[in-house]
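The values are calculated or read from the model by the stated rules, or taken from the named source; none is laboratory data. The structure presented is a predicted model; accordingly, all values stated were derived computationally and were not measured. Quick reminder, even Gly has a Cβ in these numbers, built from the backbone with ideal geometry, and neighbours come from all protein chains shown.
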Amino acid sequence: MANLAPTLRLSSLLSRPSSFARTSLQLQRAARRRWTASQQLGKAAQSGTCGIPIKATQKRWAATVTPTTPHAKEIAPTSTSPHDEHDVKPYKPPTTGMLAQLPRSWVPYAELMRLDKPAGTYYLFLPCLFSTLLAAPLATPIAPPSSVIGTSLLFFTGAFIMRGAGCTVNDLWDRNLDPRVARTRLRPIARGAISVQQAIPFLGVQLLAGLALLLQLPYQCFFYATPSLLFVATYPLAKRVTNYPQFVLGLTFSWGAFMGFPALGIDLLSNTPALVSAACLYGSCVAWTIVYDMIYAYQDIRDDAKAGIKSIALAQEANAKAFLTAISALQVALLAGAGAAIGASPVFYVGTCGGAAATLGYMIGKVNLQSVEDCWAWFRKGAWFTGGAISLGLAGEYLAWYMGWYGHEGTSQNDAVVPVENS
């Protein structure tokens, strides 16, 4: 038997696959994995589900597969998302709400406009409403409620259109950044549902609709509104160059603080008190934008850090609530300045300034900046929580003047100052 041992060892060695054969088997298995991955990627593109996760072992090979559609990079954002694989969810067409009622081909465009997320429209509209209510008592004669309501409705429609246009501009600029952030990776351009060549004409239609609406207001409004387009176009670039892009967003979203005055026939360039009041209101709205959008930015703080996106949430992470409190105090102070410039009554200070201070303080105290859901909830509520308090205070001030509490009924605030002082 001892003589057979060398023979058995030799036979065993001969029966093993050579290194060449083992390499060949590995290549065959790798080819089968690549084929399986490519088939899954192709099915995802054809079915429109674009975000179906691929097993970790297959996902590495999927990156080497030749794209099967013109937007394959956007269709497979799983390879660029900084989140773990289990955090990535596939896109699902809406089954409830307004978007579910639209034809399927319209849904990506409605999502591009954020039709299902109206909070941004409210935030763009509210500075217009503030300035309309603030300017109404200054008009000569004082603006009637029908004019205030009609002007406000035009501003709301314009805010709806221009907010959608702003979102289109933002998504065009961010089409390579959005796939790297969990909250934005399924936006229409980022996931490939709308191409750049489709988005640009759609933006043109939105801007033309906005222009048509603007022409329904007094012609002076056109000259006041036009400079805001510069901020609309450049805001998305701010997050690439500064840690405080919310300041630039505030310059954009707060422009309506000037618009109510010319809309009601008040020339800011020839009326110094009105100009100072409008400037203070604009500054107050810029501060407010920093507050609510900083809370909004905390939803993406983890992804922004990994993707290299600048953010106020990252810059002020160590003292977030102290910073929010300081900016809110500035907002209330500028509101008070807007009232002082035009000789506002106690109704203004109690309703507008007091309401803003109370709601901002409550929100900052309650919001949990470590919770994505809580940040989103307070961002949504803040529009009509703080914005509603300011609006009610301004409406009370307007009605006080319109009802003649500080002079003759229906007398302009500018005209009524003299008789009140001489009485």
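Could you grab me the full set of residues in the range 312-350 that are part of a loop (DSSP other than H, G, I, E, B) and under 15 Å from Pro245 (Cβ atoms)?
The one that is part of a loop (DSSP other than H, G, I, E, B) and under 15 Å from Pro245 (Cβ atoms): Gln316.
Going by the conditions given, is Trp384 modelled with pLDDT under 95, of a type in the set (A, V, I, L, M, F, W, C), surrounded by fewer than 20 Cβ atoms within 10 Å (Cβ to Cβ) and not in a helix (DSSP H, G or I)?
no
Determine, yes or no, whether Val205 is surrounded by fewer than 17 Cβ atoms within 10 Å (Cβ to Cβ) and under 30 Å from Lys306 (Cα atoms).
Answer is no for this residue.
Could you please find all residues in the range 82-102 being among the polar types (S, T, N, Q) and at pLDDT 90 or above?
Within the range 82-102, just Gln101 meets the criteria.
Among the candidates Ser105, Ser79, single out the residue that is surrounded by fewer than 18 Cβ atoms within 10 Å (Cβ to Cβ), modelled with pLDDT under 85 and among the hydroxyl-bearing types (Ser, Thr, Tyr).
Going through Ser105, Ser79 in turn, just one is surrounded by fewer than 18 Cβ atoms within 10 Å (Cβ to Cβ), modelled with pLDDT under 85 and among the hydroxyl-bearing types (Ser, Thr, Tyr): Ser79.
Tell me, please, whether a residue that is under 15 Å from the mean Cα position of the chain (by Cα), part of a loop (DSSP other than H, G, I, E, B) and within 27 Å of Ile290 (Cβ to Cβ) can be found in the range 144-164.
no
Quick one: which residue in Pro93, Pro137, Pro127 is in contact with a Gly (Cβ under 6 Å, 6 or more places away or on another chain) and either in a helix (DSSP H, G or I) or not aliphatic (A, V, I, L, M) (or both)?
Result of the check over Pro93, Pro137, Pro127: Pro127.
Residue check, Pro273 against (1) of a type outside the set (Phe, Trp, Tyr); (2) surrounded by fewer than 17 Cβ atoms within 10 Å (Cβ to Cβ); (3) in a loop (DSSP other than H, G, I, E, B), all met but one. Which one?
So the condition that Pro273 fails would be (3).
Run Gln331 past the list (1) more than 22 Å from Ala257 (Cβ to Cβ); (2) crowded, with 20+ Cβ neighbours inside 10 Å; (3) polar (S, T, N, Q) and report the number of the one that doesn't hold.
Condition not satisfied by Gln331: (1).
Checking Asn170 against (1) in a helix (DSSP H, G or I); (2) free of Cβ contacts under 8 Å to residues at least 40 places away in the same chain, only one condition comes out false. Which one?
So the condition that Asn170 fails would be (2).
State yes or no: is Gly204 at pLDDT 95 or above and small (Gly, Ala, Ser)?
It is true that Gly204 is at pLDDT 95 or above and small (Gly, Ala, Ser).
Regarding Ala400, is this residue small (Gly, Ala, Ser), surrounded by 17 or more Cβ atoms within 10 Å (Cβ to Cβ), assigned to a helix (DSSP H, G or I) and touching a residue at least 40 places away in the same chain (Cβ under 8 Å)?
yes
If I ask for residues that are part of a helix (DSSP H, G or I), without any contact (Cβ under 8 Å) to a residue 60 or more places away in the chain and surrounded by fewer than 18 Cβ atoms within 10 Å (Cβ to Cβ), which ones from the range 217-246 would you list?
Gln220, Phe222, Phe223, Leu229, Leu230, Thr234
Looking at Ile295, Ile309, Ile301, can you tell me which residue is among the hydrophobic types (A, V, I, L, M, F, W, C) and assigned to a loop (DSSP other than H, G, I, E, B)?
One residue alone meets the criteria, Ile309.
Collect the residues in the range 247-270 that are of a type in the set (Ser, Thr, Tyr) and outside any helix (DSSP H, G or I), keeping them in residue-number order.
Of everything in the range 247-270, just one residue is of a type in the set (Ser, Thr, Tyr) and outside any helix (DSSP H, G or I), namely Ser254.
Do the conditions hold for Leu138, that is, is it under 27 Å from Ala356 (Cα atoms) and either among the aliphatic types (A, V, I, L, M) or at pLDDT 90 or above (or both)?
yes
Would you mind telling me which numbered condition in (1) within 26 Å of Gly256 (Cα to Cα); (2) surrounded by 16 or more Cβ atoms within 10 Å (Cβ to Cβ); (3) free of Cβ contacts under 8 Å to residues at least 60 places away in the same chain Ala165 fails?
(3)
Is there any pair linking a residue in the range 187-216 that is assigned to a helix (DSSP H, G or I) to one that is modelled with pLDDT under 95 and aromatic (Phe, Trp, Tyr), with Cβ under 8 Å and at least six apart or on different chains, and which?
Arg191/Tyr91; Leu214/Phe222
Anything in the range 176-186 that is surrounded by 22 or more Cβ atoms within 10 Å (Cβ to Cβ) and either in a helix (DSSP H, G or I) or not β-branched (Val, Ile, Thr) (or both)? List them, or say none.
Asp178, Pro179, Arg185
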